[in-house]
Amino acid sequence: MRLTVLGSAASYPDAGRACAGHLVRTDDTAVLLDCGNGVLSNLGKVMDPLELDAVFITHEHVDHFADIYALQSALRYAPDGPMPPVPLYVPAGLFSRIGAVLSERGRTELAEAFVVHEMLESDTIVVGDLTVRPFEVHHVEPTYALVVMDEAGILCYTSDTAPDERVVTAAHGADVLLAEATLPAEYQGKVAHMTAGEAAELAVRADVSTLVLTHLWPSVDRASAAHEAREIFNGRVIVADELFDLTFP
């Protein structure tokens, strides 16, 4: 399994970055976990966006789905004509809200670009040789952490979440924990997000081997975030950067 970070910033991208977007691939399958602002441009640097097998949107915040409009245009206006619709997995009701800002024609074209599936926590979703399981976590309702598995490895992407037992359950036993670390330490507990230290505590409790910190607020010092995490977690700690690539296990 191969993880490529396409966007590592929270809420808005600082210079040279993009918002939430993470590509998971095997030799035969490619799925996109979130599609925030700037993600499609970075996706085009590593693969043809028209070759995606599925897209997952974890929750309703715009920094996690803004580039779905750009992806729709890429699919609809491909050089050889409209592409077959791509499976799009979203929380209940989100696709209608994404389309609400569009004209009637725009909503029709958006619907033609995707085959929409509304996720539930009990789902087991098979895409090629990957299996994806959503776990509801504590952020806006609903928000899903995504556990992605193949025959050899397990990745848990926390999406946005406060630290609690639900995200521990989702992450337990993963080879790679791709964890949000939005907050500077002084904001711990003030909103439903994690600090780097809390992400590291999650990595310890979930018994993972590698922690990748992502979804960092632009003002967070990334070197300090790495240091904060390493003070708590003894495994490998990586701070996500755009186009960072990790093959595992």
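For beta carbons closer than 9 Å, sequence separation of 6+ or different chains, a first residue in the range 175-197 that is on the phi > 0 side of the Ramachandran plot and a second that is aliphatic (A, V, I, L, M), the qualifying pairs are G189/A162; G189/L183. Among the residues of the range 215-249, those that are charged (D, E, K, R) and more than 15 Å from A203 (Cβ to Cβ) comprise D221, R222, D241, E242, D245. Say we look at the range 31-49 and pick out the residues that are free of Cβ contacts under 8 Å to residues at least 60 places away in the same chain and not in a loop (DSSP other than H, G, I, E, B); which of these is nearest to the chain's Cα centre (by Cα)? This residue is L32.
Within the range 70-102, can you find the residues that are in contact with a strand residue (DSSP E or B) (Cβ under 9 Å, 6 or more places away or on another chain) and assigned to a helix (DSSP H, G or I)? The answer is L71, Q72, L75, L94, F95, I98.
Given the criteria in contact with a helix residue (DSSP H, G or I) (Cβ under 8 Å, 6 or more places away or on another chain) and either of a type in the set (D, E) or over 13 Å from D241 (Cα atoms) (or both), does V24 qualify? So V24 does not fit the description; no. Considered as a group, the residues in the range 13-66 that are surrounded by fewer than 20 Cβ atoms within 10 Å (Cβ to Cβ) and aliphatic (A, V, I, L, M) include one that is nearest to F114 (Cα to Cα), and that residue is L50.
Residue check: A170 meets all listed conditions (1) over 26 Å from D129 (Cβ atoms); (2) surrounded by 24 or more Cβ atoms within 10 Å (Cβ to Cβ); (3) under 18 Å from the mean Cα position of the chain (by Cα) but one, namely (1). Pairing residues of the range 103-127 that are part of a helix (DSSP H, G or I) with residues that are of a type in the set (F, W, Y) and crowded, with 16+ Cβ neighbours inside 10 Å, at Cβ distances under 9 Å and at least 6 apart in sequence or on separate chains, gives G106/Y69; L110/Y69; L110/F95; A111/F95. Does D221 count as farther than 25 Å from V140 by Cβ and out of contact with any strand residue (DSSP E or B) (no Cβ under 6 Å at 6 or more places or on another chain)? Yes, satisfied.
Grab the strands (runs of 3 or more DSSP E) fully contained in the range 173-249, keeping just those with 2 or more residues being surrounded by 14 or more Cβ atoms within 10 Å (Cβ to Cβ). Lay out the reasoning, then the answer.
Details: elements: 176-180, 210-214, 236-239, 245-247.
The strands (runs of 3 or more DSSP E) meeting that bar are 176-180, 210-214, 236-239.
Residue check: V140 meets all listed conditions (1) part of a loop (DSSP other than H, G, I, E, B); (2) within 18 Å of V55 (Cβ to Cβ); (3) not charged (D, E, K, R) but one, namely (2). Annotation: T169 fulfils all but one of (1) hydroxyl-bearing (S, T, Y); (2) part of a helix (DSSP H, G or I); (3) free of Cβ contacts under 8 Å to residues at least 12 places away in the same chain; the unmet one is (3). Determine if the range 90-97 includes at least one residue that is surrounded by 21 or more Cβ atoms within 10 Å (Cβ to Cβ) and closer than 22 Å to D245 by Cβ. Within the range 90-97, none of the residues are surrounded by 21 or more Cβ atoms within 10 Å (Cβ to Cβ) and closer than 22 Å to D245 by Cβ.
Residue by residue, here is whether (1) crowded, with 16+ Cβ neighbours inside 10 Å; (2) not aliphatic (A, V, I, L, M) holds:
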site: I125; (1), (2): yes, no
site: L130; (1), (2): yes, no
site: E136; (1), (2): yes, yes
site: E141; (1), (2): no, yes
site: A145; (1), (2): yes, no
site: S159; (1), (2): yes, yes
site: R166; (1), (2): yes, yes
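No lab work stands behind these numbers, since they all come straight from the coordinates. Just so it is clear, the structure is predicted and the values come from calculations on it, not from any experiment. Note that we place each Cβ from the backbone using ideal geometry, even for glycine, and neighbour counts take in every protein chain shown.
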